[in-house]
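To start, the structure itself, in structure tokens.
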Amino acid sequence: MKLAGIVSCVVAVAAVRTAVEPIAGNLTTNDTTYVASREAGGGPVVRYGFNLVARYHNPTKSPIYLARCVASSKMPLYDVQLVQGTRSSGSAYSPVWSCAAHEKQIVVKPGATRVDTLAISGPATWSGLTKKAIGVLEGRFRLGYSPQSCPGDGKCAIVADSLRYSNEFSVRLKN
């Protein structure tokens, strides 16, 4: 009997401080179009990647706490959402997070801006039977962070889109 499974992988990303001109908004990307190139290495699925520089600005009068997977990580939790398309599986670039609970979120002080360089890679999941990507690799996307209005793991989530999501951007594949 053959079993079809979903294989997932951990996405490696780097958090690096860099200067970037914002597009507009509180979470912005350094560009509106990205070209995802084939990543080196073997494996059952062809993977694509691109670097995205994200700028997060706190316009409020209170600190904003960004969730992160591991207390020592310099990078906030993020996802890459599909905003245009019909596939129910969504974006192929959203990482699969497996995090430990902790109380050490990244603090963005009032009026402050932080900049992260994210190595976006996908597909994050694929069919173990067909070896095809689950999710969309080309199209219109947006970056999402998980901001909170107080410290603590998953407490006080901020739901305002202007503080959670970036501008839209396009991704196309370079073969």
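The values are calculated or read from the model by the stated rules, or taken from the named source; none is laboratory data. This structure is a prediction, so every number in the text was calculated from the model and none was measured. Note that we place each Cβ from the backbone using ideal geometry, even for glycine, and neighbour counts take in every protein chain shown.
Let me spell it out: the conditions are (1) over 17 Å from V115 (Cα atoms); (2) surrounded by 15 or more Cβ atoms within 10 Å (Cβ to Cβ); (3) touching a Pro at 6+ places or on another chain (Cβ under 8 Å), and P63 meets all of them except one. Which number is the exception?
Here P63 clears every test but (1).
For R87, indicate whether it is outside any strand (DSSP E or B) and at pLDDT below 90.
yes
Look through R142, R68 and report the one residue that is of a type in the set (K, R) and in a strand (DSSP E or B).
Selected residue: R142, the only one of R142, R68 that is of a type in the set (K, R) and in a strand (DSSP E or B).
Can you say whether Y56 is surrounded by 15 or more Cβ atoms within 10 Å (Cβ to Cβ), hydroxyl-bearing (S, T, Y), part of a loop (DSSP other than H, G, I, E, B) and in contact (Cβ under 8 Å) with a residue 40 or more places away in the chain, as far as the supplied structure shows?
Answer is no for this residue.
I want to confirm something. Restricting to the range 34-47 and keeping residues that are touching a residue at least 40 places away in the same chain (Cβ under 8 Å) and in a loop (DSSP other than H, G, I, E, B), which single residue is surrounded by the most Cβ atoms within 10 Å (Cβ to Cβ)?
That would be R47.
Out of (1) without any contact (Cβ under 8 Å) to a residue 40 or more places away in the chain; (2) within 27 Å of N175 (Cα to Cα), what's the single condition that is false for G90?
All conditions pass for G90, except number (1).
Of the conditions (1) within 14 Å of Y165 (Cα to Cα); (2) of a type outside the set (S, T, Y); (3) surrounded by 16 or more Cβ atoms within 10 Å (Cβ to Cβ), F50 fails just one. Which one is it?
Of (1) within 14 Å of Y165 (Cα to Cα); (2) of a type outside the set (S, T, Y); (3) surrounded by 16 or more Cβ atoms within 10 Å (Cβ to Cβ), only one is false for F50: (1).
Just one of (1) surrounded by fewer than 17 Cβ atoms within 10 Å (Cβ to Cβ); (2) out of contact with any Lys or Arg (no Cβ under 9 Å at 6 or more places or on another chain); (3) over 18 Å from G49 (Cα atoms) trips up L163, so point out which.
With (1) surrounded by fewer than 17 Cβ atoms within 10 Å (Cβ to Cβ); (2) out of contact with any Lys or Arg (no Cβ under 9 Å at 6 or more places or on another chain); (3) over 18 Å from G49 (Cα atoms) applied to L163, the lone miss is (1).
Looking at K155, K131, which is the one that is farther than 22 Å from V35 by Cα, part of a loop (DSSP other than H, G, I, E, B) and touching a strand residue (DSSP E or B) at 6+ places or on another chain (Cβ under 7 Å)? Can you show your working first?
Details: K131 fails: touching a strand residue (DSSP E or B) at 6+ places or on another chain (Cβ under 7 Å).
Result: K155 is the single residue among K155, K131 that is farther than 22 Å from V35 by Cα, part of a loop (DSSP other than H, G, I, E, B) and touching a strand residue (DSSP E or B) at 6+ places or on another chain (Cβ under 7 Å).
State whether the residues of the range 113-122 include one that is over 16 Å from the mean Cα position of the chain (by Cα), closer than 21 Å to N26 by Cα and surrounded by fewer than 18 Cβ atoms within 10 Å (Cβ to Cβ). Full working, then the answer.
Start the filter on the range 113-122 by keeping residues that are over 16 Å from the mean Cα position of the chain (by Cα), which leaves 113.
With the extra rule that they be closer than 21 Å to N26 by Cα, the set shrinks to 113.
Narrowing further to those that are surrounded by fewer than 18 Cβ atoms within 10 Å (Cβ to Cβ): 113.
Within the range 113-122, one or more residues are over 16 Å from the mean Cα position of the chain (by Cα), closer than 21 Å to N26 by Cα and surrounded by fewer than 18 Cβ atoms within 10 Å (Cβ to Cβ).
Name every residue in the range 131-159 that is of a type in the set (V, I, T) and without any contact (Cβ under 8 Å) to a residue 24 or more places away in the chain, in order of residue number.
Residue satisfying the conditions is V159 alone.
Would you please name the residue that is farthest from L163 (Cα to Cα), looking only at residues in the range 81-112 that are crowded, with 21+ Cβ neighbours inside 10 Å and among the small types (G, A, S)?
A92
Output the residue which, of all residues in the range 138-175 that are over 21 Å from G90 (Cα atoms) and touching a Phe, Trp or Tyr at 6+ places or on another chain (Cβ under 6 Å), is modelled with the highest pLDDT.
Here the residue is Q148.
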